[in-house]
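The values are calculated or read from the model by the stated rules, or taken from the named source; none is laboratory data. Fair warning: this is a prediction, and the values are worked out from it, not measured in the lab. Cβ atoms come from the backbone with ideal geometry, glycine included; neighbour counts cover every protein chain shown.
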Amino acid sequence: MQDLFETELWQGKTIADLLTLEFLASAAGSVIGAIVILLLGWVISSWLQHRVENLGKRNKHLDEMLFEFLASIVRYVVLGFTVLFVLNTFGVKTTSVVAVIGAAGLAIGLALQGTLSNVAAGVMLILFRPIKIGDFVVIAGEMGTVKQINLNYTVLADLSNVQVIVPNSEVWGNVITNYSVNPTRRAEWTFGVGYGANLKTAEEIIRSTITADARAHADPEPFVQVSNLGDSSVDFLVRVWCSADDYFAFKADMTRKVKEALDEGGVDIPFPTRTIVQAAAE
């Protein structure tokens, strides 16, 4: 039994040393201190998490998802420091622990480089908000309506209502064309009439047809002018402002209505022709 008590366990400490009243009191104090530190760390991390989340909820122009993400980061950072304090209470050298955590973080960062770049881009998208849900955009060559923005990717519904998922790194790293930011858009057409047509009559027909539509804005004033003398037609450039929501339907309707109005007014609309001359047989 005596030999058992004198067995060395750690750093010259024997079982007999560990059973002394002084050591037990010190161990009990360390355990109590560790529990107190853990409780304080848990309470402080939860309080900070709720504070950050509430900051996003109180400000409507801020994105709640971003602040929930930031709140989680704040909580886990505080809990991480709490664990380090607990280890330090038991005499563990935290310098080596921090070094190991740093090396592991570096390895994980390299392995998840693509994912982390998407997350970083997602944070920037949510923070600066170049696009939002419901916007009609062109991103990385993809055209569609924004349906969802999260920290990893952005979801679009294209013109055929097909889901398109674009990684956030592609969204943030490319040119974004947003057609929904401004309330109005300028519709533009080119109408060609024959060289024998009365240009004044053609211009009046085009102008009256388009301005008669309630979707056409009077301010700025519609622009209708001859812009080009083509090979077979005199081209009118037409520019009219309308509401962004009416743009596509307005442009399509006016293309048809102007063509019908020119036909009714007797204005010739030329089209390419080809004359085939067949040589007489010898």
* Test result for Val155, within 14 Å of Glu170 (Cα to Cα) and either in contact (Cβ under 8 Å) with a residue 24 or more places away in the chain or surrounded by fewer than 16 Cβ atoms within 10 Å (Cβ to Cβ) (or both) -> no
* Can you spot a residue in segment 158-177 that is in contact (Cβ under 8 Å) with a residue 40 or more places away in the chain and touching a Cys at 6+ places or on another chain (Cβ under 9 Å)? -> no
* Can you tell me which residue in segment 132-151 is farthest from Ala244 (Cα to Cα), limited to those that are surrounded by 16 or more Cβ atoms within 10 Å (Cβ to Cβ) and at pLDDT below 90? -> Leu151
* **Per-region count, segment 256-282, residues of a type in the set (Ser, Thr, Tyr) and modelled with pLDDT of 95 or more** => 0
* Which strands (runs of 3 or more DSSP E) sit wholly inside segment 143-197 and have at least 1 residues that are in contact with a Phe, Trp or Tyr (Cβ under 6 Å, 6 or more places away or on another chain)? -> 163-167, 184-193
* Give me the pairs, please: first residue somewhere in segment 219-240 and in contact (Cβ under 8 Å) with a residue 24 or more places away in the chain, second residue anywhere and among the basic types (Lys, Arg) and part of a strand (DSSP E or B), beta-carbon distance under 6 Å, and either six or more positions apart or on two chains. => Arg239/Arg186
* Pair list, Cβ under 9 Å, 6 or more apart: segment 116-140 residue in a helix (DSSP H, G or I), other residue among the charged types (D, E, K, R) -> Asn118/Glu170; Ala121/Glu170; Ile126/Asp63; Leu127/Asp63
* Asked: Any idea how many residues of segment 205-248 are assigned to a helix (DSSP H, G or I) and exposed (fewer than 14 other Cβ atoms within 10 Å of the Cβ)?
  -> 1
